[in-house]
Amino acid sequence: LGAERRARLPPGEMWWPLVGGMWAFLRAFKSGKPDAFIASFVRRFGRTGVYRSFMFSSPTVLVTTAEGCKQVLMDDDAFVTGWPKATVALVGPRSFVAMPHDEHRRIRKLTAAPINGFDALTGYLPFIDSTVTSSLRAWADHGGSVEFLTELRRMTFKIIVQIFLGGADQATTRALERSYTELNYGMRAMAINLPGFAYRGALRARRRLVAVLQGVLDERRAARAKGISGGGVDMMDRLIEAQDERGRRLDDDEIIDVLVMYLNAGHESSGHITMWATVFLQENPDMFARAKAEQEAIMRSIPSSQRGLTLRDFRKMEYLSQVIDETLRLVNISFVSFRQATRDVFVNGYLIPKGWKVQLWYRSVHMDPQVYPDPTKFDPSRWEGHSPRAGTFL
């Protein structure tokens, strides 16, 4: 960098050759005190909001304030996606984690309606409703204790496979679940492709996962060519049909990588956040009573002619939304995201050199007492009538 540019870097340290700060990072998270990693920088270098280190095999600047995160996320000229090599290879080069800005915008626009448009959500709701209900009954009838997170993951995986692939048979579902579980182990591992390392097994799992999805996709395209309709419309069907204003459609690689990406994002986050929301409500009986009363009031308002819940019913769940937002603030599974500087740029007065990676520490923002008073307290009421300032709820 040269002496002049080096002098303008954020405070910090690069730790050990090759490994960098990864040992300290992993030790903090495995200890059950994830905030200890950033706290060590704050303790030694003060509250500068940006620090330098060597993470995931790259020189990296850690951004820990709302203003810094907002600047990096909003500046599409100075920053592009910069996820670790392992994540890009496992999720796929045609997914959102790797594509350039213009292509990202095109794919995001094409996939928005198939994933969370009104028609799509309306179509997905009945299956979600019935699956959650039947799962709760099965747990209640079990007669003993259940391993709650494991059961939630099975339930959310069943829902997601149905949303993605409609009437997928049990063999396809089991093959997807086995491959996905192994793939997920390597998602944030160091990209070491040697026997015994998580990344190597995850690469094998991705190949199996892609093969299963490609097989289903080939069947769908062949059936369409013959004019055969499969009945219901799932996410794969919607992605096959999606086209932009110039009539361009998604190719097979794009569809598969988008499905793998959403499989990872939707399954892990849904299972974990449902578990933690349940834990927090169990620990706070008054909040549990209020959330339960809201649900019972909504159930009483549903006409007898209506089967199941509708999006209109969901929009009445104001207190439950506050519970979920507060859960996401406290235990957001996406505690950090990754960018890369396309040119020399300054954040909080410090230089981020061109080519360096940037880690946005969402968790540090969410646990900042200047942003959220008494941040370790679970308090859904902090969201009542509150619209978070840009960059403060990520």
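Of note:
- You will find that of 313, 344, the residue that is at pLDDT below 95 and either more than 27 Å from residue 122 (Cα to Cα) or charged (D, E, K, R) (or both) is 313 and no other.
- Pairs with Cβ under 8 Å, 6+ apart, first in the stretch 96-115 and part of a loop (DSSP other than H, G, I, E, B), second of a type in the set (Ser, Thr, Tyr): 96/81; 97/81; 97/87; 98/81; 99/81
- Some residue of the stretch 323-341 being over 30 Å from residue 85 (Cα atoms), touching a residue at least 12 places away in the same chain (Cβ under 8 Å), open to solvent by 40 Å² or more (accessible area, probe 1.4 Å) and not aromatic (Phe, Trp, Tyr): yes
- Residue 52 being open to solvent by 70 Å² or more (accessible area, probe 1.4 Å), at pLDDT 95 or above and either touching a helix residue (DSSP H, G or I) at 6+ places or on another chain (Cβ under 6 Å) or charged (D, E, K, R) (or both): no
- Conditions (1) over 14 Å from residue 9 (Cβ atoms); (2) assigned to a loop (DSSP other than H, G, I, E, B); number of the one not met by residue 71: (2)
- Verdict on residue 84 being in contact with a strand residue (DSSP E or B) (Cβ under 8 Å, 6 or more places away or on another chain) and at pLDDT 85 or above: yes
- Helices (runs of 4 or more DSSP H) fully within the stretch 1-63 that include at least 3 residues being under 28 Å from residue 371 (Cβ atoms) and within 22 Å of the chain's Cα centre (by Cα): 22-30.
- When 290, 312 are checked against the criterion of being in contact with a helix residue (DSSP H, G or I) (Cβ under 8 Å, 6 or more places away or on another chain), open to solvent by 30 Å² or more (accessible area, probe 1.4 Å) and part of a helix (DSSP H, G or I), a single residue qualifies: 290.
- Criterion: surrounded by 14 or more Cβ atoms within 10 Å (Cβ to Cβ) and in the same structural domain as residue 358 (by the TED database) - qualifying residue of 22, 74: 22
- Flag for residue 66 being within 24 Å of the chain's Cα centre (by Cα) and open to solvent by less than 30 Å² (accessible area, probe 1.4 Å): yes
- The selection criterion, being within 17 Å of residue 33 (Cα to Cα) and open to solvent by 50 Å² or more (accessible area, probe 1.4 Å), holds for residue 377.
The values are calculated or read from the model by the stated rules, or taken from the named source; none is laboratory data. Just so it is clear, the structure is predicted and the values come from calculations on it, not from any experiment. Backbone-built Cβ (ideal geometry, glycine too); neighbour counts: all protein chains shown. Keep in mind that these areas ignore ligands, DNA and RNA; they rest on the heavy atoms of the full protein, side chains included. Shrake-Rupley method; radii C 1.70, N 1.55, O 1.52, S 1.80 Å.
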